[in-house]
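**Q** The structure that follows is given in the form of structure tokens.
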Amino acid sequence: MQLNQRASITGIGSYLPSKILTNYDLEKMVDTSDDWIIQRTGIKERRIVENGEITSDLATQASLRAMEDAGVSPKDIDMIITSTSTPDHIFPSTSCYIQQKIGAIKAGTCDILAACAGFIYAMSIGQSLVNSGAMKTVLVVGAECLSKIIDYTDRTTCVLFGDGAGAVIIQGSGTLHEILSSSLAADGSQADVLIVPGGGSKNPASLETIQQRMHYIQFKGKEVFKLAINNMRNLIIETAEKNGFKLSDIDLIIPHQSNLRIIEATMEKIGLPMEKVFVNIEKYGNTSSASIPIAIDEARKEGRLSEGALVMLVAFGGGLTWGSSVIRW
Ligand code: UT7
């Protein structure tokens, strides 16, 4: 065991299902409009699984791409940590299915549940495992089939969410793309503002829970909206202070893609221009824990991650949970 490895992102991959659900499609399903959705959320379309595709399938494709990018073979992987709110099953973990599908026979496996902030939580654990020297190569995945827990008769939720997956490989391999720090936080007193109430030990699946549509996402949208902006603002400021840099030193913020208005209001509150934030919500909607790794992959492909750039990841979601990571690209 080699102590004090510098955990770095050595590979990135993402995968989106090919079926596109546009705002115009949703107009035919619920009382909504393309104009309303764009103005209130910034979303134009989202991806949706079909033909039996499940979370571990999306995760597997993203993982294989991240592994290829890092030049890592399945047997190199020591640990798979998947963040998801839509696992293939309640148990075993979705990471077990990913392990089987990619052939990572030496890897330990577990899932993390921290809703939309889950990828930051999972990455922070992967970072710690590598930093401590306990593991050499960790696959961290964010993958969601949110379309499976969306009520497509509820216009307040169905316009927001989409499916997708992203993955990174973390290794203690050097100075490039180093994860400098991670911060995690939560407020369990607000657990009920964003929730899937049915299907767990409190409300196990029954005819009644199904009739009451309790297996779908329910939220208090306005409350989450305000909490998201204030918490992300505070988190960005605290993260900069903790790491000893000024907000103006940040080259790119990659936020969880929940609502364009949340992102714009957060940037306004911290006094940074929209040029310093990566946004792709118009194409995919809110993909919960998949949104940040998908965005990292796209930001890199679009040339937004230059060598040495100071990058901050920031997410907020159900729990409530929130977290940030700082990466020197
Ligand atoms: O990642 C963390 C998870 N993210 C979230 O939980 C999302 C956080 N919340 C939000 O993004 C926003 O609160 C929403 C997008 C959900 C809603 O935006 P809003 O600006 O807060 O709208 P609102 O709830 O105040 O609704 C305004 C109006 C209402 O009609 P009245 O009462 O003014 O007549 C709603 O009934 O818009 C109506 N409305 C819709 N109209 C057309 C609500 N949903 C829709 C819809 N299409 N899909």
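The values are calculated or read from the model by the stated rules, or taken from the named source; none is laboratory data. Please read these numbers as outputs of a predicted model, since none were measured by experiment. Cβ atoms come from the backbone with ideal geometry, glycine included; neighbour counts cover every protein chain shown.
**Q** Whether any residue in region 311-329 is without any contact (Cβ under 8 Å) to a residue 40 or more places away in the chain, within 28 Å of residue 175 (Cα to Cα) and more than 13 Å from the ligand (Cβ to nearest atom) is what I want to check.
**A** no
**Q** So for region 267-278 (the condition being out of contact with any helix residue (DSSP H, G or I) (no Cβ under 8 Å at 6 or more places or on another chain) and farther than 25 Å from residue 13 by Cβ), does at least one residue qualify?
**A** Yes, because at least one residue in region 267-278 is out of contact with any helix residue (DSSP H, G or I) (no Cβ under 8 Å at 6 or more places or on another chain) and farther than 25 Å from residue 13 by Cβ.
**Q** Answer yes if at least one residue in region 247-264 is of a type in the set (Asp, Glu) and at pLDDT below 95, and no otherwise.
**A** No - not one qualifying residue is present in region 247-264.
**Q** Exactly one of (1) more than 16 Å from the chain's Cα centre (by Cα); (2) surrounded by fewer than 24 Cβ atoms within 10 Å (Cβ to Cβ) is unmet by residue 113. Its number?
**A** (1)
**Q** How many of the residues in region 271-301 are away from the ligand (no atom under 15 Å from the Cβ) and over 15 Å from residue 166 (Cβ atoms)?
**A** Of the residues in region 271-301, 7 are away from the ligand (no atom under 15 Å from the Cβ) and over 15 Å from residue 166 (Cβ atoms).
**Q** I'd like the full set of residues that are assigned to a helix (DSSP H, G or I) and either touching a Phe, Trp or Tyr at 6+ places or on another chain (Cβ under 9 Å) or of a type in the set (A, V, I, L, M) (or both), limited to region 267-290.
**A** Within region 267-290, 267, 270, 274, 281, 288, 289, 290 qualify.
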